[in-house]
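A quick write-up on the structure given underneath.
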Amino acid sequence: MNNADSFYIEKMQVPELEEVALILTDAFETNPAYASIFHKTDLREGLGWLFRTSLFLLNRHEILTRVVKEKQTGMIVGTYTIVPPEGVKRTFGDYLKVGLPAFIYRFGFSALIRMLRLDSYNKDVLTKSIQSEVYYYLSMVVVKEDCRGKGVGSFAIRTCLNELHQTKHDCRILGLTTQLPQNVSFYSNLGFELIDEGEIHFNKTSYYNYNMKRLIQSR
């Protein structure tokens, strides 16, 4: 059966934000990059706040996050976010709406600084690898563990590429980062090129990182 017969993709709805944040937390709990932000005992709670906040900020003015759903049940089985080349504007007021003072009180100001620095650092590393500041950024790509191996991921990425193919934006590059070597093979099979890899040293922690890109076909 074709994946299009089993799954469909649509823009995330506001009531789905909590569920998507939980899916992301489950997937990234063992990711060494995110583990560098929070103390081990606070990791899961901290990641929950981080992903709820990221989803809120990324989708505040335009829905950038997509959810993959099972046609038979409507259950969310995967997600991904496409950040446009111009990025997403964030104001201090936006952070107040997601409870920034409560975050600082719970996890400390240093955790906030680490979180902001990690996001900026990873984007800088990818930008240098691509050698351009103008590219779409494929972020927070996750398939639920019990749904992997069913073609959900490849269906999601092909849908993403098709969507970008339809845009009128002049940018024709899609970039991403991953810390998992198996993901390099996965994305390579979908036409992505490994452009850089190496050890990342951040906040007294190190992890191996891969930067990849794919050219988007012109209309």
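The values are calculated or read from the model by the stated rules, or taken from the named source; none is laboratory data. Keep in mind that what you see is a predicted model, and the values were worked out from it rather than measured. Here the Cβ positions follow ideal geometry from the backbone for every residue, glycine too, while neighbour counts run over all protein chains shown. Heads up: the accessible areas ignore ligands, DNA and RNA and are worked out on the full protein's heavy atoms, side chains in. Shrake-Rupley method; radii C 1.70, N 1.55, O 1.52, S 1.80 Å.
For the chain, what % of the accessible area comes from carbon and sulfur atoms, probe 1.4 Å? Whole-percent figure for carbon plus sulfur exposure: 51. Each pair of Cα atoms in the range 108-147 enters the Kirkwood radius, and Stokes-Einstein at 20 °C and 1.002 mPa s then converts it into a translational diffusion coefficient of 173 µm²/s.
Note on the range 64-194: along the principal axes its Cα atoms extend 42, 40, 31 Å, ordered by decreasing extent. Largest GNM mean-square fluctuation across PRO85, PRO15, PRO101, computed for the chain with C-alpha springs under 10 Å, falls on PRO15.
Couplings 3J(HN,Hα) for the range 154-159, derived from phi with the Karplus relation 6.51 cos²θ - 1.76 cosθ + 1.60 (θ = phi - 60°), are 5, 4, 5, 5, 5, 5 Hz, where x marks Gly and Pro. Which lysines have a Cα less than 20 Å from the Cα of LYS204, not counting those fewer than 8 places away in the same chain? Correct list for LYS204: LYS40, LYS123. Computed from the C-alpha gyration tensor, the three semi-axes of the ellipsoid equivalent to the range 44-104 are 24, 17, 9 Å, from longest to shortest.
Applied to the range 191-201, the Karplus parametrisation 6.51 cos²θ - 1.76 cosθ + 1.60 on θ = phi - 60° returns per-residue 3J(HN,Hα) values of x, 7, 10, 6, 9, 6, 7, x, 6, 9, 10 Hz, with x for Gly and Pro. Amide H contacts for GLY78 (H built 1.01 Å from N in the peptide plane; partners 5 or more residues away or on another chain; cut-off under 5 Å): VAL68, LYS144. Computed from the alpha carbon positions, the gyration tensor of the range 151-194 leads to an equivalent ellipsoid with semi-axes of 20, 13, 7 Å, biggest first. For the chain, the Cα gyration tensor yields ellipsoid semi-axes of 26, 21, 18 Å (square root of five times each eigenvalue, largest first, whole Å).
Largest GNM mean-square fluctuation across THR167, THR159, THR25, computed for the chain with C-alpha springs under 10 Å, falls on THR167. All other residues whose Cβ lies under 9 angstrom from that of SER6 are scored, Lys and Arg at +1 and Asp and Glu at -1, for a net of 0. Rg and Dmax of the range 1-63, based on Cα coordinates, read 14.3, 45 Å.
Only helices enter the 222 nm calculation for the chain: every DSSP H run of n ≥ 4 contributes -39,500 (n - 2.57), and dividing by all residues gives -13000 deg cm²/dmol, rounded to 500. What's the whole-number percent of alpha carbon pairs in the range 1-107 lying beyond 17 angstrom? The calculated P(r) of the range 1-107 puts 59 percent of pairs beyond 17 Å. Among GLU86, GLU70, GLU193, the largest mean-square fluctuation in a Gaussian network model of the chain (Cα springs under 10 Å) belongs to GLU86. Per residue, the range 1-141 exposes 53 Å² of solvent-accessible protein surface, assessed with a 1.4 angstrom probe and all protein chains in place.
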